[in-house]
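The values are calculated or read from the model by the stated rules, or taken from the named source; none is laboratory data. It should be emphasised that the depicted structure is a prediction, and the values quoted were computed from it without experimental measurement. Every residue, glycine among them, receives a Cβ derived from its backbone with ideal geometry; neighbour counts consider all protein chains shown.
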């Protein structure tokens, strides 16, 4: 039985002005820079990316500049817009309802930042960070939680990596209704499903460079959208099976930690890296692994690290 070890860390970066965030990103940046497109490495491409960012996320422009200055690298500004990155794809399964958002994040262990971050940029936010200041999932102090899954179609167009859109929603929105309306205006580069939860609603929406924002039938998502899933894709991803399983189990952490929702091929470089259980109305999230959990909240946030042993279940 194969296994790998993955270090998850929790950090508090405050409002981004005291150097803690910059110190963390500088440790990531040599690798992160490789995510930039060739165009994003040019002065003209970086300018286009910044202009797109300023058009769609103007509230975050001062923060973008402050953070880029701390990294002290000529490519930092373009990278942090997340409008000049190479497309990437993941898996994941998620469900929202009754003020709760539960999700599995499936990805290659060596390619996930695995950093839980509490920040207070425009407002308090806690989430699993990716690509410097983007988020895979997270919540804010207004009681809004969001998370993503890949939409299943490997195509790309102009727009943002969806991680920065999640950051933007949590920094500027208080409700699902407000966040969905913001998402309608933000171009994303590849198809993604976003599940949003507050005290009153839970919604999943389909996004993509080739479609208008579409509200899903319910607040569940695996790795397909409105189109039929080819048999080959189902054999590879089991997206229909996983969606049926999460609908049947509901918000059940134990179901998320076993097949078919839990994927464990870690010796082959892929699997469920964590299960996140957000209760944004309580300002609390618990990250789960088989046999272990780690709770964080706005009232009691604990920086530190955990070494998690991820074991194949084959």
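The number of residues in the range 190-208 being within 18 Å of the chain's Cα centre (by Cα) and either closer than 19 Å to residue 129 by Cβ or surrounded by fewer than 24 Cβ atoms within 10 Å (Cβ to Cβ) (or both) comes to 10. With the requirement that a residue be over 23 Å from residue 271 (Cβ atoms), assigned to a strand (DSSP E or B) and in contact with a strand residue (DSSP E or B) (Cβ under 6 Å, 6 or more places away or on another chain), what does the range 121-145 give you? Passing the criteria: 125, 126, 139, 140, 145. Hey, any hits in the range 48-57 for a residue that's closer than 28 Å to residue 221 by Cα, assigned to a loop (DSSP other than H, G, I, E, B), out of contact with any strand residue (DSSP E or B) (no Cβ under 7 Å at 6 or more places or on another chain) and at pLDDT 95 or above? Checked against the condition, which is being closer than 28 Å to residue 221 by Cα, assigned to a loop (DSSP other than H, G, I, E, B), out of contact with any strand residue (DSSP E or B) (no Cβ under 7 Å at 6 or more places or on another chain) and at pLDDT 95 or above, the range 48-57 yields at least one hit.
Quick one: count up the residues across the range 24-47 that are outside any helix (DSSP H, G or I) and under 17 Å from residue 134 (Cβ atoms). Don't jump to the end; show me each part of the working.
Going residue by residue through the range 24-47, those that are outside any helix (DSSP H, G or I) are 36-38, 42.
Add one more test, that the residue is under 17 Å from residue 134 (Cβ atoms), and what stays is 36-37.
So the answer is 2.
Of the listed requirements (1) assigned to a helix (DSSP H, G or I); (2) more than 16 Å from the chain's Cα centre (by Cα); (3) closer than 21 Å to residue 41 by Cα, residue 60 misses just one: (3).
Test residue 78 against the criterion of being loosely packed, with under 15 Cβ neighbours inside 10 Å and in a helix (DSSP H, G or I), and give yes or no. Walk me through it before giving the result.
Numbers: loosely packed, with under 15 Cβ neighbours inside 10 Å: no; in a helix (DSSP H, G or I): yes.
Against the criterion (loosely packed, with under 15 Cβ neighbours inside 10 Å and in a helix (DSSP H, G or I)), residue 78 does not qualify.
Residue by residue, here is whether (1) surrounded by fewer than 21 Cβ atoms within 10 Å (Cβ to Cβ); (2) over 12 Å from the mean Cα position of the chain (by Cα); (3) without any contact (Cβ under 8 Å) to a residue 40 or more places away in the chain holds:
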residue: 112; (1), (2), (3): yes, no, no
residue: 149; (1), (2), (3): no, no, no
residue: 159; (1), (2), (3): yes, yes, no
residue: 164; (1), (2), (3): no, no, no
residue: 174; (1), (2), (3): yes, yes, yes
residue: 182; (1), (2), (3): yes, yes, yes
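Look at (1) surrounded by fewer than 18 Cβ atoms within 10 Å (Cβ to Cβ); (2) farther than 23 Å from residue 89 by Cα; (3) at pLDDT 95 or above; (4) over 20 Å from the mean Cα position of the chain (by Cα) and you find that residue 286 fails only one, number (4). Of all residues in the range 249-268, count the ones that are in contact with a helix residue (DSSP H, G or I) (Cβ under 7 Å, 6 or more places away or on another chain) and either loosely packed, with under 14 Cβ neighbours inside 10 Å or modelled with pLDDT of 90 or more (or both). Qualifying residue count, the range 249-268: 5.
Those helices (runs of 4 or more DSSP H) of the range 159-248 in which 1 or more residues are closer than 20 Å to residue 54 by Cβ and in contact with a helix residue (DSSP H, G or I) (Cβ under 9 Å, 6 or more places away or on another chain) occupy 162-172, 176-183. May I ask you to verify whether residue 281 is more than 18 Å from the chain's Cα centre (by Cα), in contact (Cβ under 8 Å) with a residue 40 or more places away in the chain and either surrounded by 15 or more Cβ atoms within 10 Å (Cβ to Cβ) or not in a helix (DSSP H, G or I) (or both)? Judged against the criteria, residue 281 is a match.
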